[in-house]
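Worksheet: one structure, shown below.
The values are calculated or read from the model by the stated rules, or taken from the named source; none is laboratory data. As the structure is a prediction and not an experimental result, all values here were calculated from the model. FYI the Cβ positions are ideal-geometry reconstructions off the backbone, even for glycines, and counts take in every protein chain you see. The accessibility values were calculated without ligands, DNA or RNA, using every heavy atom of the protein model including side chains. Shrake-Rupley method; radii C 1.70, N 1.55, O 1.52, S 1.80 Å.
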Amino acid sequence: MSEQVNPVLLRTGGPRLGVAVPVCAVLAAVIAVAAVAGRWLAPHDPGVQDLLNASTGPSATHWLGTDDFGRDVLSRVLDGAGSSLLGPVVAALGATLLGLLLGLMAGFLGGAFEAVIMRGVDLLYALPALLVLIVLVGMFGGGYWAAVGILIVLSTPGSTRIIRSAVLGQRTLPYVEAAHTVGLPRHRIMIVHVAPNVLPTVVATLLLDFVAALVALSALSFLGLGLPPGSTNWGRMLAENRTLLELNPWAAIAPALLIMIAAMSVTIIGDWLHGRLERGRLDHD
Amino acid sequence: MTERTETEPAVLAHEETAELLDVQRLVVSSAATGRRVVDGIDLRIGRGETVALVGESGSGKSMTARAITGLLPNGLVAGGSVHFAGHELLAAGDRNMRRVRGNGIGLLMQDPFTMLNPLTTAGTHIAETLRSHRSRGDRPVRGDLTGEVADRLAEVGITQPGAARKYPFELSGGMRQRVSLAAAIANDPALLIADEPTTALDSTTQREVLRLIRRIQLDRAMGLLLITHDLRVAFSLCDRILVMRAGNIVDAADPVTLRAAPTSDYTRHLLAADLPVDHQRPDLSVDAPGADADAVPLLEVTGLTKRFGTRRQLRGPDGGSLALDGVGLRLSEGRSVGIVGESGSGKTTLARCVLGLEQATSGTIVVDGIDVTDYRTLSKTDRHRARRLVQCVFQDPYSSLNPSHTLRFILTEAIRQRRDNGTDGTDGTDGDNEDDDAEVARLLADVGLPENYARRRPVALSGGQRQRVAIARALAQRPRVLVCDEPVAALDVSVQEQVLRVLRDQRARGVSLLFITHDLAVARHMTDELVVLHRGRVVESGDTADVLDRPRHDYTARLLAAVPTGEPAWLA
């Protein structure tokens, strides 16, 4: 078989793996394990108080020391991993799926759909998300999951815009026109043909939305909104333990560091994955 | 002018006896995998000599040029030696290479639409080249340059006052290529490397630009390395031709020898695959039913007009830009009608209107008794029937297949859609009991692909194979009209023939073709009737043989004259 050389194969400018991506992958994996199994991995009960040993620094029994009630910090960050990350995961999934649906409809169907969806998006986009979130949750309460719900609504416009522009790029390609001439119904072309080809963008949006939601929800918890005191949410722990900076700084640094590492590693992995998927669509599988 | 051309090369040759460019054992390979794109080729060009590097896509011809000029893309490395006017170029640093490019070697690339900076005027492009390569001591003042820029533009045939102040978007493709040429030769390089300089241009413009290159090359006794896929262009322009395949030079000879006695099978194959424009090769012909003026045509287009523009422009006095102006044509059962013309003539717009991808401004399109001028107003049954009757093969096989799906998925989907659309009684339903996989295999066999390809995705196929899959997808609808929009324009010569054979087989089975092409040789072989479009109007139509043998309209004659003959006289 005399295969032509695909010119794309010659281009070797694809994303490099480098050092950062594997390191971030390991960090993200560790955090993911903690999120799923943290409760059982914790060496101590995260809720048990030991006032005699309050605010001690790292030691053999308490690797990250204790907080001002004498609770084990390591156990608490492990226990809090799940609750700190579940909210952002739900928010990101919700915003991305909604964004995919709206972006596909606006980009592919056009016309009135596009006008209505995009004006709505513009409207929501004009609102300062974090501020609105703080005001709404602060005024009406409703707790953590209400905050996640509001966050979904507030981050959908961003995902919608990004996914719509990716859809617009696909809409005029001959394979879509070919599907029209075959006589396929529009919804089928939209879901079966266009959607898989905007997948790299969807994945990137999902991961970026996750990072934004993590930071926003942590900030909210830091302000004391949405979660009861004593909760092991990282943002909450950071707020409560900031007074211990001199006695046991790790009680505040550990949750802060974890938020940062989670956000950073997911961003870097997302960036690399997007490049890879884009390239994978063109190259040999 | 002619005196200079005869004396100057001799004088130069006297001064400098060595070859101008001497490439030895040039290897270009991937830094990561070591795979060789160019596999140890030798290439020599004397002063004032013209050499062509001919090959199909992936043969390594462009990478050879890039290696010589030190412009390899990231990830590719060059080995061997490249001597230019006594200097070794592969070992030269970036700084030295920059001096060689422009001063010693001029470069002309394929795409005139992206090669010029859109924010910079034509004159600045040339002035920049002039300025950047002058030694610091005698940097000319600004006034000097304006005059010189005008001279340079005049040399490439751009004499209108004010042309130097025009931006690339204000110039046509041919004009842009002229500006690029003027910039490439602004510093009087001893060697010009032209990489597919006319591939993106219309045929009539191609001839003008090639003539210009020829004249300037002779005037200046400049060496020329022409990189092309078109053997006939190489025959007309060059003293020596090197045929490249998979990184190796398989043939090297002067045009006459190469034509008469090619030494390699590959060159023989290339020469054989080349379609003549003046007669039809018997192996590609089909016994089409004769034209019957009384029969009801399968497809009839009358007075079709299409204007493009914003809503306000369309209502205004000019009515937007006119892409089609009262076009009419008839396609009878089993016949093949060709539509030829240059880019911008409205060929593709016509096809898109017929396919319902574009809405005509006025006029009618009737397919087998259904008025399909506006697909949106059709009843569901009529729309499905019309969709089934008319199918399309697009120009670019790289984007007309969904990269996310396997061939089985793509074909099965089309087959199921046909069943959903329902049988219309005109089509025997014999195959409809066939199971999907069997039909996929049969469709692949129809277009000459093995059954196990069904598992592959489009990325694993070559351009020609993809185009055959696109044809199979169209055939899955069992259409009676196949609209082919430049189906072989993006393919290599040797692959073109395979695709044309597949289409010929379909013609032989009674499928009618509406065949859009800019290539008159392809039109000669694939069509019974021709419609010549020029700026949205039909200027001539009739029997293909009649139109091509005895063109009645000037424009048709011009198109015919622009087809490369392979004789040096073509560029004289």
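Can we say A:V202 is open to solvent by less than 10 Å² (accessible area, probe 1.4 Å), part of a helix (DSSP H, G or I) and within 13 Å of chain B (Cβ to nearest Cβ)?
Judged against the criteria, A:V202 is not a match.
On the given criteria, is B:A386 within 14 Å of chain A (Cβ to nearest Cβ), surrounded by 20 or more Cβ atoms within 10 Å (Cβ to Cβ) and over 31 Å from the mean Cα position of the chain (by Cα)?
It is true that B:A386 is within 14 Å of chain A (Cβ to nearest Cβ), surrounded by 20 or more Cβ atoms within 10 Å (Cβ to Cβ) and over 31 Å from the mean Cα position of the chain (by Cα).
Can you name the condition, by its number, that A:P229 falls short on among (1) of a type outside the set (K, R); (2) surrounded by 21 or more Cβ atoms within 10 Å (Cβ to Cβ); (3) not in a helix (DSSP H, G or I)?
(2)
Going through A:A219, A:A251 one at a time, which residue ends up being under 26 Å from A:R161 (Cβ atoms) and either touching a residue at least 24 places away in the same chain (Cβ under 8 Å) or open to solvent by 20 Å² or more (accessible area, probe 1.4 Å) (or both)?
A:A219
Quick check: is even one residue across region B:44-51 modelled with pLDDT under 85 and open to solvent by 30 Å² or more (accessible area, probe 1.4 Å)?
Checked against the condition, which is being modelled with pLDDT under 85 and open to solvent by 30 Å² or more (accessible area, probe 1.4 Å), region B:44-51 yields no hits at all.
Test each condition in (1) within 29 Å of B:T205 (Cβ to Cβ); (2) open to solvent by less than 20 Å² (accessible area, probe 1.4 Å); (3) not acidic (D, E) for B:V82 and report the one that comes out false.
Result: B:V82 passes all but (1).
Hey, could you check region B:343-380 for residues that are of a type in the set (S, T, Y) and within 12 Å of chain A (Cβ to nearest Cβ) and say which is most open to solvent (accessible area, probe 1.4 Å)?
The extreme case among them is B:T348.
For the list (1) open to solvent by less than 20 Å² (accessible area, probe 1.4 Å); (2) outside any helix (DSSP H, G or I), I need the number of the one condition that B:I410 fails.
The failed condition is (2).
Taking B:L26 as the residue in question, decide whether it is at pLDDT 80 or above, surrounded by 20 or more Cβ atoms within 10 Å (Cβ to Cβ) and aliphatic (A, V, I, L, M).
It is true that B:L26 is at pLDDT 80 or above, surrounded by 20 or more Cβ atoms within 10 Å (Cβ to Cβ) and aliphatic (A, V, I, L, M).
Looking at (1) on the phi < 0 side of the Ramachandran plot; (2) among the hydroxyl-bearing types (S, T, Y); (3) at pLDDT below 90, which is the one condition that is false for A:T96?
Of everything listed in (1) on the phi < 0 side of the Ramachandran plot; (2) among the hydroxyl-bearing types (S, T, Y); (3) at pLDDT below 90, A:T96 misses just condition (3).
Just name the residue that is modelled with the highest pLDDT out of those in region B:413-438 that are surrounded by fewer than 19 Cβ atoms within 10 Å (Cβ to Cβ), within 13 Å of another protein chain (Cβ to nearest Cβ) and part of a helix (DSSP H, G or I).
B:R416
Here's the yes/no breakdown for (1) hydrophobic (A, V, I, L, M, F, W, C); (2) more than 20 Å from B:T129 (Cα to Cα):
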site: B:R178; (1), (2): no, no
site: B:A182; (1), (2): yes, no
site: B:I185; (1), (2): yes, no
site: B:D188; (1), (2): no, no
site: B:S203; (1), (2): no, yes
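Report yes if B:E486 is of a type in the set (D, E), within 23 Å of B:L231 (Cβ to Cβ) and touching a strand residue (DSSP E or B) at 6+ places or on another chain (Cβ under 8 Å), otherwise no.
In short, yes.
Which one of the conditions (1) more than 26 Å from B:R418 (Cα to Cα); (2) within 14 Å of another protein chain (Cβ to nearest Cβ); (3) open to solvent by less than 40 Å² (accessible area, probe 1.4 Å) does B:A490 fail to meet, given that it meets all the rest?
(3)
Between A:G235, A:G230, which is over 16 Å from A:D72 (Cα atoms) and away from every other protein chain (no Cβ under 14 Å)?
The unique qualifying residue is A:G235.
Output the residues belonging to region A:180-199 that are more than 7 Å from chain B (Cβ to nearest Cβ) and either open to solvent by 10 Å² or more (accessible area, probe 1.4 Å) or assigned to a loop (DSSP other than H, G, I, E, B) (or both).
Of everything in region A:180-199, those that are more than 7 Å from chain B (Cβ to nearest Cβ) and either open to solvent by 10 Å² or more (accessible area, probe 1.4 Å) or assigned to a loop (DSSP other than H, G, I, E, B) (or both) turn out to be A:P185, A:R186, A:H187, A:R188, A:M190, A:I191, A:V192, A:A195, A:V198, A:L199.
Any residue at all in region B:439-455 that is at pLDDT below 95, within 20 Å of the chain's Cα centre (by Cα), more than 9 Å from chain A (Cβ to nearest Cβ) and open to solvent by less than 20 Å² (accessible area, probe 1.4 Å)?
Checked against the condition, which is being at pLDDT below 95, within 20 Å of the chain's Cα centre (by Cα), more than 9 Å from chain A (Cβ to nearest Cβ) and open to solvent by less than 20 Å² (accessible area, probe 1.4 Å), region B:439-455 yields no hits at all.
Can you spot a residue in region B:165-172 that is closer than 18 Å to B:L108 by Cβ and modelled with pLDDT of 90 or more?
no
Of all the residues that make up region B:469-484, how many are within 16 Å of B:R509 (Cβ to Cβ) and part of a helix (DSSP H, G or I)?
4
Where residues in region B:495-529 are farther than 22 Å from B:A562 by Cα and small (G, A, S), which of them is least open to solvent (accessible area, probe 1.4 Å)?
Looking at the filtered set, the residue picked out is B:S512.
Name the pairs: first residue in region B:543-572 and of a type in the set (K, R), second residue open to solvent by 70 Å² or more (accessible area, probe 1.4 Å) and part of a loop (DSSP other than H, G, I, E, B), Cβ to Cβ under 7 Å, at least 6 apart or on different chains?
Hits for this filter: zero, empty list.
Could you list all residues from region B:73-88 that are over 32 Å from the mean Cα position of the chain (by Cα) and assigned to a loop (DSSP other than H, G, I, E, B)?
Scanning region B:73-88 gives B:A85, B:G86.
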